[in-house]
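Below is one structure, written out as C-alpha cells; the observations come after it.
The values are calculated or read from the model by the stated rules, or taken from the named source; none is laboratory data. Given the structure is predicted, the values throughout are model-derived calculations rather than measurements. Ideal geometry is used to build each Cβ from the backbone, glycine not excepted, and the neighbour counts take in all protein chains shown. Heavy atoms of the whole protein, side chains included, go into the accessibility calculation; ligands, DNA and RNA do not. Shrake-Rupley method; radii C 1.70, N 1.55, O 1.52, S 1.80 Å.
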Amino acid sequence: MAKKSFCILEQGKIVNEPCTIEKREMFTTEFSDFYRLNWDTPDDPNAFIHEKGVTWSEGRSLLYEKVPKDYDYYIFIDDDVLFQADEGVDIPKKIKELLEEYNPVAGTFYDHKSWCFIPLNRTDEELNRRKCFPIAGYDAESQIVSKSFADVMFPAIYHGAHRTDWYLQWVCHQTFPLKQMAFYDIRLLNLRSGGHSKFKKAQHCEPTEATFLFNRHVKDKSSILKTKDDVIQNNIDIFKETVDKTPINFTIEDLKKVYNINNFDFKIRKSLASRPYLYRRPWNRFWWKVTRKLTGEYRY
C-alpha cells in the first residue's frame with residue numbers, strides 16, 4: 001500500500017450525524033482517509049472502532065494505535081467541527097499542499113472563536129497574508145501530528161479530557177517551537193459543545209491534575225504550564241516569529257531533552273488505562289490535592 005498524506009481521526013457518539021458523513025465523504029480520497037471511534041454506540045456504520053465509555057484521551061490514543069501507519073500526518077478532530085475555506089478551495093487537497101510545504105511537527109487549524117486565537121487580536125487580512133504562524137498551544141478540537149511525533153507522544157500519559165493533551169503541545173513548543181503551526185487557509189467551525197469531559201471514570205484526571213502530574217517530570221520547571229493564561233502569553237510571544245519549513249524527524253531523544261522519560265507513569269502508559277495505571281491513580285491524586293492545598297497552585 002502506497003503511503004498517503006494524512007488521515008482524519010474523529011471520535012463521538014452520535015450516529016450518522018450529517019457533519020460526520022460530510023467529513024467521511026470529503027476526506028476519502030486517493031491521498032487521505034477518514035476514521036472514527038464511537039465511544040457510546042456499538043452500531044455506528046461510520047465507526048472504525050467501537051469502544052464504549054472510554055475517556056477522550058483514551059479515544060484519541062486508541063485511534064492512533066489501531067489505524068494504519070501509512071500516513072505522513074494524523075489529524076485528530078472533535079466530531080462537532082466542520083472544515084471551511086475560501087470559495088472554490090478543495091479542502092483535502094489544500095491540507096495536503098500545506099502539509100507538504102510547511103512540514104509541521106504539530107499544529108491546528110484556525111477557529112476565530114477559539115480561546116487560543118482571540119487574544120492574538122489579529123485581523124483576517126493579516127492572518128490571510130501569513131497563511132500560517134507558530135503557536136504554543138491550542139484547543140484540541142483539531143490537532144495535527146506528524147507520524148514521527150505521534151509515534152513518540154502517544155498514547156497519552158494521563159487519561160481524561162481537558163488538558164490531557166497539553167503535554168503534547170508543550171513538548172513541541174519546547175523542542176521545535178517554530179514547527180508547531182496554526183493554519184489559516186483551512187479554518188474550523190465548531191457546531192456545538194461536546195460531552196466527553198463529563199465522564200468521570202476511575203482513570204479520569206481533572207484538567208489541573210493532568211498538568212500537575214506531567215509537570216513533576218519536566219526538566220526546566222520555569223517552562224511549565226498551569227493555566228490557559230500561560231498558553232495565551234506563549235502564543236502572543238511567538239506569533240511574531242516565522243514558521244520553519246524544514247522537515248523534522250522527531251525522536252525519543254528530542255523528548256528526553258525536556259522531560260524525564262524514566263518516570264513510572266510514562267513507562268506504564270497505554271491507550272486504555274491499565275491495571276498499574278489504576279492502581280497508581282489514588283497516589284497521584286493524593287499528591288495533586290496536597291500540593292494544591294499547600295501552595296494554592298493548580299486550581300484553574
Output the residues belonging to the stretch 133-170 that are among the hydrophobic types (A, V, I, L, M, F, W, C), under 18 Å from Val81 (Cβ atoms) and in contact with a Pro (Cβ under 8 Å, 6 or more places away or on another chain). Ile144, Ala161
Of the residues in the stretch 220-252, how many are over 20 Å from the mean Cα position of the chain (by Cα), free of Cβ contacts under 8 Å to residues at least 12 places away in the same chain and more than 30 Å from Arg281 (Cβ to Cβ)? 1
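Please work out if Glu25 is open to solvent by 10 Å² or more (accessible area, probe 1.4 Å) and without any contact (Cβ under 8 Å) to a residue 24 or more places away in the chain.
yes
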Out of the helices (runs of 4 or more DSSP H) lying entirely within the stretch 145-247, which hold 1 or more residues that are farther than 27 Å from Pro68 by Cβ? 166-175, 207-215, 228-238
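Kindly indicate whether any position in the stretch 39-50 is touching a residue at least 24 places away in the same chain (Cβ under 8 Å), of a type in the set (A, V, I, L, M, F, W, C) and open to solvent by less than 10 Å² (accessible area, probe 1.4 Å).
No - not one qualifying residue is present in the stretch 39-50.
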Give me the residue from the stretch 1-53 that is assigned to a strand (DSSP E or B) and touching a His at 6+ places or on another chain (Cβ under 9 Å) and, out of that set, farthest from Pro92 (Cα to Cα). Asn38
Any idea which of (1) surrounded by fewer than 11 Cβ atoms within 10 Å (Cβ to Cβ); (2) over 25 Å from Asp139 (Cβ atoms) is the one Ile261 doesn't satisfy? (1)
Within the stretch 65-144, strands (runs of 3 or more DSSP E) holding 1 or more residues that are acidic (Asp, Glu) and open to solvent by 20 Å² or more (accessible area, probe 1.4 Å): 71-78
Return the residues of the stretch 211-233 that are buried (at least 21 other Cβ atoms within 10 Å of the Cβ) and closer than 19 Å to Cys116 by Cα; say none if nothing qualifies. Thr211, Leu225, Val231
